[in-house]
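Data block below; observations after.
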Amino acid sequence: MENAVINKESKLFKLSNRLMSDDNISECLTCGACNSRCTWFDEQLEGHRGPLPRQIVRMAAMGMDRGLVDSGMLWDCLLCNRCTEVCPMDITMDVVVRKARSLDIADGLISHDMKKGIKTRLELGDVNGLTKEEFVETVEWVSEEFTDDMDDPEAEIAYDKKGAKFLYLPNPRELGLNLLHLTAMGKLFYAMKETWTLSSAHTDVTNWGYFVGKDDIMRKMALMVVEPAEELGIEALVLSECGHGYHVLKVLLEDIIGRKPKFEVTSIPELVLDYAKKGVLKFDPSVHPYKTAYHDPCNIARKSGVYDAPRELLAMVCEGVVELSPNREDALCCGGGGGMLQDSESTNIRMVTGKRKAEQMKAAGPPNIATACLSCHRQLGELSKHYELGVRVDTVASMASEALVINTGASG
Amino acid sequence: MTETHPPGVLIIGGGVAGMAAARLLSGFEAAVHIVEKQERLGGHAGRWACMATDACLQCGACLSMEMADHAIAADRVTLHLGTRILKIHRNENGFAVDLDNGLSLLVKKIIAATGFSPFDATRISSYHIGEFPNVITTAELNDRLKGERSDDILGKHPAPEIAFIQCVGSRNRKIGADYCSQVCCKISMRHASKLLHLYPEAKITIFYMDLQVIGKEVRDFYDRLSGSVELVQGVPAEILADEQGEKLGIVTEDRGKRARKARRFDMAVLSVGMRPAEAMEETAGLLDLSPNSWGFFNTSGAPPHAPDIHVAGCARTPGDILSSMQDGRLVASRVIRDLELAPVSNDLHGDSEKNVPAVAVLGDGPQASRVARLVAADGYRAWLLGAPLQADPAADEPVGLSVEPNADVYEVSGTAGNFTVGYTAGGRRERLFCAAVIAAFEPHHAGIDAGFGSEKAVSSEVFSAMAKENPENLPDSVAIIFDYAGHENKALARTALEDALRAKVAGKTVYVIARKMLVHKADGQRLFDRVKKEGIYFLRYEDASGINIEKTADGFGLTVAEATIPTDHPVRVECGLLVIPPQVMASPDFPDKARLLRQRLDREGFLQSPNVRHRLTRSTRRGVFFAGSGHDETDVDDLRAETEDILAHIRALSVKMSAAGPPADPGVAINERMCAKCLTCYRICPHGAIVLNDKMMPQIDPAACFSCHLCMANCPAHAIDSEAFANNAFAEMAKKDKTVLFACERSAYLAAEEASLPEAVQMVSIPCACRMNVDVMLKALLGGASRVIVAGCHDGNCRSMDGAREAALGVRQAHRIPGMDESRVSFFSAAANEASRIRRILSKT
């Protein structure tokens, strides 16, 4: 047992005690509210005891870098900010944990997949390592299929199209495992009757610099999105359904790049809702003749403050929205946040961190749940399977696409 | 607009602060109007349940019933219940006030005693209040206790597990309430005591942030609960439905395992804080007052922009029942002074301005000086006996202050308006005649010997001097340990924290090591926040054994088992100066002081019992008062407030002293022919009302007597006569075949009036249960009563101290009489606010 000394010279101490916007962690009241809110609840598993949020804050505040890094809590944390929501001093836990993760001495904790993804994303613009040639090949093939599907030669999935109104930033899965999702999103844009494009310079919405807490990486990745988008002269960047991508590119972007981007940032569910409210998009809710529970992704709900838009859209495309309990600000994390889902070796942990979520899904009743984040979507699906819940998991935008009332054909 | 006579005073709000103000004002020539939007007086305190277990827990809620009774009966107090104020118009003579009952009032002064509202716990969604039926607030628990409905939730569990969650809606900057509500810790400790009393098998956990153990009664709760209730630092912010649905789930830290654990409870009580009254904005608009950032009107005097408007009680700042009552009196006292109100029936002394009453201040330290100055500054002749006058450059040398620094007081006899204080000074034997006596003795400050005998480990007083004079000369690092050898004293803790800031500003590294941080007073939380923000390190420890102190070359090395970081990381603190505030303890001479004043000590040996009938500043003797840390945990501001409160009481006394004719007949008198001069009465009178006359015969001083009849019940020679309560009268009082309930007029009687009594019960009001000795119980039975029930105050709540015990003793004696059917004579205790309980007890008759 070694004594810890409050270390003002430690890197983390300097990173964390900067009295910025009343967010100084040394102000922690040690009230312990955070401990009661961890998504791990009372779960733990071999080698992973889960975080004690108060200990994270306190060790960071005292400059106990090594102790914190060795505690195992940093990457057990899901960055869900359920604890932050109840902090009387507004100490923002994802900021604290990300700063601690950014320490050089914590580099060894970053998962193999996370390291690899960051490397390929920085080198190729795609986290899965899709090269530009592969991207072009894929998109052109999907576009042809799309034109056929729509029975409209004008219908296309374009890339690098200058002057398009919207730039859609897909999830990496949409260019790999789940091409149908990209087509489904294409349908929505098509029905909006607006010009839209993809970009070959940056093919996906993710920013794993956020997970490892390294500001320089986060900035590089963000600029990889912003600069080419500005060159295309788009009006708005439309983010695919992605939690951390939304939080980074919508909420944190200005801080990260130090300026306003020359375009608006929105997400596909929000955009679709706008066009539905304008009367441009019409849905047939009977396509989904059931009620659907909505899962709040931490990054979109608690961390970015978007609660209602996805619910409103969901209500238009099925029989109605059911609330999980607890929900909104108190919603349970899917159990896959904080970089877990980006680590292929985390599955056994995720089934533990998601246990409460699974119980909640079971208790909610209806066998349908939708969310607005493809990461949550994947985790919820895996939970459903693992816990044999029989719950069908969807995303809000894909349900919207399915329920879209569209007149195919050139004349419309 | 014409002058009105007598001048009008409007009190907005009929809670305890408003009623206390009205009560004081009612003795003066003023037309007092209480406007209360509810249909009844009492405010929150009036709806509060009695917390008594085997004994009174000193909350003071029952006092509101008596105060309401008084306000209803008072001649010069007009009640406007169920009434709202429509408009207040200020004019050159004061205010014109339009009420929604069609009346218009002209008043000179307005006292805003508009109270508070409990925090709306539905604002914190994660507690699921309203959704989970077994999650309730302290307010609802109170209602259930008052209505005896706690069984709804707890009745089905043989050993209910109950969680109290503190600081719900308090100490929370995020929701704009970065202040401690001052009362919730004690409320929960009382509630826990009450629930343990009702459900002895209950397992209670109090989750707290920093348990505010402040004040004589609270230290007592804490010490007693420490063994029977689980006290856990850390307040859960979420309650979960248990998978089984019945229980509640709460996740807490499992420190040993460095993980979290789930706890299960049958009921969770959210200890909701005090927020500004819901009608705060309306009040602010009517009165043109600006609330502070929290929504309280934090001004006790008349604010400069709103002269003649005074704010009292929780409308000003959160506080408990006793402090709100005190605040109401203080404000009323200022109104009396400002308006120069004359006492009612001031025939005797009305003309003699020269006849300024003298007040003796007994003390042995600086507090007595402060009290004496304040007394003199208020226009009284103050005599400071036993302490040198401490220089105070900030205060003018008051006129009318006399000092006998070496006075050794050996006698305090007499009563309000007529005390004789005997003392020796420099070999002289002197006597001082005075109207009132204030005891302001110093407690003992016991330095903590941590066993290293070095000048570097200092008490907070020494540190304070260093930090104030030459903070630069302090060593580079300073560590302060709070709560180390016992309960931290709030005044010393506050000073040490302020001194810590001084040291920090002077560039020193400062560590504050605390078990439970005291954040009392409105600004307590903000000071704590500032301390941390300035970069003072705050460490939390669990108990003293977790701090290891060793001497180093430059000072001290502390190894602290820090409670909020993993157990395998004890924090090492090196400091050049170690500060440990001393323990504030009863002075070894307090028993002598208590005998001198004929008062009891509390459990810890401090002057003044915790009895709410006398607290905060009074005693069992009219005109004998207590001030300062010798009687309770007070700081400089409290001392000022206490002195002002005492002066308010003296103002009220002077009404009685100057009333025309002889003092009111107490209804009891000693029959000299029958008196055996055994002096039992002299010895036992709690009020010091038995005096020895020239013939050395005991005699009752009507001015001092509270008519409790204790002397009469205990006189072995039956030499004390009573007009209303003679022994034989009890036989006549009793109606045939009735259950006769003899009820103390201040407690059980008031409660029984609210409860509709069964036909078979005949109630008789008695001045104090102590009148009921075995003789009179038997008389009542002989008079035809089928049963005799005596009902008195809860133990510790009797104005005459032991009335209820005396009655209970009488009942036990009756039970020992051969052939006595025990069911025919019984005793129970009840408070004035226990109508439901009385109804239940009597329904079984």
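Here the stretch A:280-319 and the stretch B:28-96 have alpha carbon centers that stand 53 Å from each other. Normalised by 2.2 N^0.38 Å, where N counts its residues, the alpha-carbon radius of gyration of the stretch B:727-843 equals 0.95. Dipole orientation for the protein assembly as shown: of the candidates B:331, B:577, A:83, B:331 has the Cα lying most toward the positive pole (charges on Cβ; Lys, Arg +1; Asp, Glu -1).
Inter-chain Cβ neighbour count for B:169-182, averaged per residue, equals 2 (cutoff 10 Å, partner chain atoms only).
On the principal axes of its alpha carbon atoms, the stretch A:281-403 extends 42, 31, 25 Å, with the longest extent given first. Counting only whole DSSP H helices of chain B, the ones at least 24 Å long by C-alpha along their axis and with mean Kyte-Doolittle hydropathy no lower than -1.0 are B:321-339, B:636-658. The orientation-averaged projected area of the convex hull spanned by the Cα atoms of chain A comes to 19.7 nm². Packing, as the average of other Cβ atoms within 10 Å across residues, places the peptides B:810-817, A:334-341, B:760-767, B:70-77 in the order A:334-341, B:760-767, B:810-817, B:70-77, highest first. Protection proxy ranking for A:51-63, B:402-414, using the average of other Cβ atoms within 10 Å per residue and placing the highest first: A:51-63, B:402-414. A Förster radius of 51 Å combined with the Cβ-Cβ distance from residue B:672 to residue B:228 puts the calculated FRET efficiency at roughly 0.45.
When the P(r) is computed for the stretch B:445-585, the part past 26 Å accounts for 14% of the Cα-Cα pairs.
With the highest mean first, a sort of the peptides B:147-156, B:684-693, B:323-332 on other beta-carbon atoms found within 10 angstrom per residue produces B:323-332, B:684-693, B:147-156. Note on residue B:782 and residue B:444: their simple-model spin labels are 5.2 nm apart, each label 7 Å out from Cα toward Cβ. Of the beta bridges in chain A, as assigned by DSSP with both residues counted there, near 10 percent are antiparallel. Our compactness index for the stretch B:508-623, the C-alpha radius of gyration over the empirical 2.2 N^0.38 Å, is 1.52. Pairs of Cα atoms nearer than 8 Å and 6+ residues apart set the relative contact order; for chain B it is 11 percent. Rounded to the nearest 100, the interface formed by chains A and B buries 4400 square angstrom of accessible surface, both chains summed, with a 1.4 Å probe. The Rg/Rh ratio of chain B, with both radii computed over alpha carbons and Rh defined as the Kirkwood radius, is 0.97. Among the DSSP helices (H) of chain A, those spanning at least 24 angstrom by Cα along their long axis with an average Kyte-Doolittle hydropathy of -1.0 or more are A:132-150, A:215-232; this is a geometric and hydropathy rule only. Based on alpha-carbon atoms, the Kirkwood radius and the radius of gyration of the protein assembly as shown give Rg/Rh equal to 1.05. Histogrammed with a bin width of 5 Å, the alpha carbon distances of the stretch B:668-722 distribute as 4, 24, 39, 26, 7, 0 percent, first bin at zero.
With both residues required to sit in the protein assembly as shown, DSSP beta bridges show an antiparallel share near 35%.
Panel note: contact residues of the stretch B:203-249 (accessible area lowered by at least 50 Å² against the chain on its own; 1.4 Å probe) correspond to B:237, B:238, B:240. A P(r) calculated from all alpha carbon pairs of the stretch B:150-199, with 10 Å bins opening at zero, reads 22, 40, 24, 14, 0 percent. In whole Å, how far is the Cα centre of the stretch A:112-183 from that of the stretch B:144-221? Using only Cα atoms to place each centre, the spacing works out to 59 Å.
Reported to the nearest whole Å, the Cα centre-to-centre distance from the stretch B:677-715 to the stretch B:359-413 is 31.
Antiparallel beta bridges, as assigned by DSSP with both residues in the stretch B:119-247, represent about 10 percent of the total such bridges. When the helices of chain A are scored as -39500 (n - 2.57) per DSSP H run of n ≥ 4 and the total is divided over every residue, the value at 222 nm lands at -12000 deg cm²/dmol. Diffusion of the stretch A:11-109 by Stokes-Einstein, at 20 °C in a medium of 1.002 mPa s and with Rh set to the Kirkwood radius over alpha-carbon pairs, works out to 161 µm²/s.
Using every pair of separate Cα atoms, the Kirkwood estimate puts the hydrodynamic radius of the stretch A:113-276 at 15.8 angstrom. Protein heavy-atom accessible surface, 1.4 Å probe, per residue over chain B: 38 Å².
Inter-chain neighbour count for B:567-580: the average number of beta-carbon atoms from partner chains within 10 Å of each residue's beta-carbon is 3.
Measuring with a 1.4 angstrom probe and ignoring ligands and nucleic acids, residue B:185 comes out at about 20 Å² accessible. For trypsin sites (Lys or Arg not before Pro), the sites in the stretch A:147-183 that DSSP calls loop and that have at most 13 other Cβ atoms within 10 Å are A:162.
Taking every residue in A:85-91 and counting other chain Cβ atoms within 10 Å of its Cβ, the average works out to 6.
Ellipticity at 222 nm from helices only: DSSP H runs of n ≥ 4 in chain B, each -39500 (n - 2.57), divided by the residue count, give -8000 deg cm²/dmol. For chain A, the dipole from Cβ point charges (+1 on Lys and Arg, -1 on Asp and Glu) about the Cα centre works out to 1340 debye, to the nearest 20.
For the stretch B:121-273, place one equal point scatterer on every Cα, skip the solvent, and apply the Debye formula. What is log10 of I(q)/I(0) at q = 0.11, 0.18, 0.19, 0.21 Å⁻¹? Taken in order of the listed q values, log10 I(q)/I(0) reads -0.40, -1.14, -1.28, -1.55. Summed over the residues of the stretch A:11-109 and divided among them, the accessible surface reaches 29 Å² per residue at a probe radius of 1.4 Å. Solvent-accessible area of the protein assembly as shown (1.4 angstrom probe, protein heavy atoms only): carbon and sulfur portion equals 50 percent. Put simply, the amide H of residue B:633, placed in the peptide plane, has neighbours under 5 Å in B:215, B:216, leaving out anything fewer than 5 places away on its chain.
The values are calculated or read from the model by the stated rules, or taken from the named source; none is laboratory data. These figures come from a predicted structure and were not determined experimentally. Here Cβ is always computed from backbone atoms with ideal geometry, including for glycine, and neighbour counts include all displayed protein chains. What goes into the accessible areas is simple: the full protein's heavy atoms, side chains included, and nothing from ligands, DNA or RNA. Shrake-Rupley method; radii C 1.70, N 1.55, O 1.52, S 1.80 Å.
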